[in-house]
Amino acid sequence: MTKKISVPRGTADILPADIPLWNHIEKQSRQCIEQYGYREIRTPIFEDSALFKRSLGQTSDVVNKQLLELAGDKKDGFALRPEGTAAVVRSYIENNLDRQEQLSKLYYIGSMFRGERPQKGRLREFHQIGVEAIGPKTSYPLLDAEMITLSVELLKRIGLTGFQLKINTLGTPEDKQKLSDVLRSQLEPYKTELCEDCQARMDRNVFRVLDCKNRGCKEIVSKLTFQDEYLSEESQDYYKQVKEGLDLLGISYEESPCLVRGLDYYTHTVFEISNPALGAQDALGAGGRYNKLVAQLGGSDEVHACGFALGMERLILSLEDQDLNFESSVDALILTFSDEALTKGFEVVHQLRKSGIKADLNFKTGSMKSQMRLANKVGAKNVLIIGDDELVKNAAAVKNMETGEQEEIKFESLVKFFGG
Ligand code: AMP
């Protein structure tokens with residue numbers, strides 16, 4: 001037999017049975033995000049590699065180990081996007097959106113690609129829902145609070161409970177520099193006990209040590225004792241206002257000084273939402289303010305931004321255990337028992353569909369028993385039986401599959417009967 005070809009490692013088919021849950025998440029997310037005034041943006045699935053190298057930093061794991069570059073003849077070529085923010089900012093700058101609106105409120109839903117070691121909740125192709133607010137001089141603490149609130153409300157809207165929100169501030173770039181000095185000096189005594197990666201991170205970007213998943217490194221990190229001494233008065237005041245905004249809206253959060261987000265471009269507010277029930281890969285999403293990114297990608301340094309991204313696969317994993325019921329079955333399944341009846345059924349199903357009724361036709365004119373088995377299997381709400389008797393009467397026998405009741409409805413009255 002010819003050898004079968006499998007789905008690439010770290011990717012997955014989303015089968016029809018799973019689609020209702022995916023659609024539910026997308027629909028509720030869109031509705032919720034748009035209620036907050038955001039509009040959708042779609043950018044290409046691949047970009048110049050340089051975009052990610054410059055935005056995420058050459059030392060980040062995403063660029064260093066996980067960037068999936070496309071083989072081509074260009075030396076520094078293209079890469080599949082590992083995240084959405086860089087592309088949205090590139091598009092914002094390229095299309096001069098700053099000249100068109102004071103604050104661009106943008107969102108996207110789509111696949112991202114990272115050359116990870118696959119495991120549960122960690123894939124090479126995964127999907128994110130991302131939201132970004134970008135505009136000149138738009139560092140408003142209440143915008144950060146609104147962004148965090150949106151992420152929480154969105155999760156509630158899709159039916160998720162039991163998640164945790166952690167927040168922190170990194171302050172201004174100068175404060176961040178002070179924090180990195182504090183971290184470096186506190187980690188110095190443990191340097192040789194850190195993993196090899198973290199020893200290198202101490203010199204290049206010490207913040208990434210705090211994100212390390214290695215157990216030994218985590219233990220060392222848990223011993224660190226730093227408060228907000230690195231924060232300027234301006235940053236403290238900014239953070240206070242973010243928290244007041246969240247308090248005002250009744251959003252519960254935990255302050256977490258060790259939450260730093262590894263990327264260079266973050267300033268001020270950072271946040272992360274996790275679901276402890278997910279185990280090792282428990283981060284549902286994360287975000288924060290990234291005032292440095294627009295300038296880093298060639299835009300004006302006056303343009304500030306904040307945003308977040310949620311991982312859809314982890315939302316799916318979190319929702320799978322919750323008993324959500326999605327109606328996706330057909331309103332009417334037409335069963336026929338002769339070629340002549342099948343032709344009539346073919347016409348009837350077209351009329352029903354044209355009137356907005358979800359209807360289907362079984363093309364196989366088998367026995368009543370086998371066709372009813374099919375109707376049960378697909379969860380049809382009603383079956384329309386067209387046999388020789390019905391053809392003579394110009395009617396279908398409509399059986400409600402829930403109550404078992406059956407009545408005869410003239411072909412011309414079917415659309416009305418189904419409320420079309
Ligand atoms: P990040 O851009 O790394 O902050 O990721 C934001 C969210 O995307 C994470 O919290 C995860 O929910 C999700 N995510 C990131 N990487 C992956 C991956 N390799 N597989 C599945 N989900 C991911």
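The values are calculated or read from the model by the stated rules, or taken from the named source; none is laboratory data. Bear in mind the structure is a predicted one, so any value in this text is a computation, not a measurement. Note: ideal-geometry Cβ built from the backbone for every residue, glycine included; neighbour counts use all protein chains shown. Surface accessibility is based on the protein's heavy atoms, side chains included, excluding ligands, DNA and RNA. Shrake-Rupley method; radii C 1.70, N 1.55, O 1.52, S 1.80 Å.
Annotations for the structure displayed:
- For Ile334, residues with placed amide H under 5 Å, excluding near neighbours: Asp360, Leu361, Asn362, Leu384
- Stretching the chain fully between Arg9 and Lys377 yields a gain of 129.3 nm (0.36 nm per residue, less the alpha carbon separation).
- Evaluating kT/(6 pi eta Rh) at 10 °C and 1.306 mPa s, with the Kirkwood radius of the chain over Cα pairs in the Stokes-Einstein relation, gives 64 µm² s⁻¹.
- A run of the chain free of exposed loop cleavage sites, with chymotrypsin sites (Phe, Trp or Tyr not before Pro) counted only in DSSP states other than H, G, I, E and B and at most 14 other beta carbons within 10 Å, reaches its longest extent at 1-225.
- Flagged links, alpha-carbon separation over 31 Å, of Lys53/Lys156; Lys3/Lys381; Lys354/Lys399; Lys166/Lys292: Lys53/Lys156; Lys3/Lys381
- Residue pairs, from the table Lys65/Lys176; Lys178/Lys213; Lys178/Lys240; Lys344/Lys410, whose Cα atoms sit over 22 Å apart: Lys65/Lys176; Lys178/Lys213
- Within the accessible area of the range 88-197 (1.4 Å probe), percent carbon and sulfur: 46 percent
- Accessible area expressed per residue, the chain, with surrounding protein chains retained (probe 1.4 Å, Å²): 52 Å²
- In this structure the amide hydrogen of Cys195, modeled in the peptide plane, comes within under 5 Å of the amide hydrogens of Cys217, none closer than 5 places in sequence on its chain.
- For the range 2-102, a crude dipole built from +1 on the beta carbon of Lys and Arg and -1 on the beta carbon of Asp and Glu, taken about the Cα centre, is about 300 debye to the nearest 20.
- Evaluated at q = 0.16, 0.19 Å⁻¹: base-10 log I(q)/I(0), Debye formula over Cα of the range 226-308: -0.76, -1.02
- Separation of alpha-carbon centers, the range 293-349 and the range 72-135, rounded to whole Å: 21 Å
- Residues Glu320, Glu101 ordered from highest to lowest accessible area at a 1.4 Å probe: Glu320, Glu101.
- Under 12 Å, Cβ to Cβ, from Asn205 - net charge with Lys/Arg +1 and Asp/Glu -1: +1
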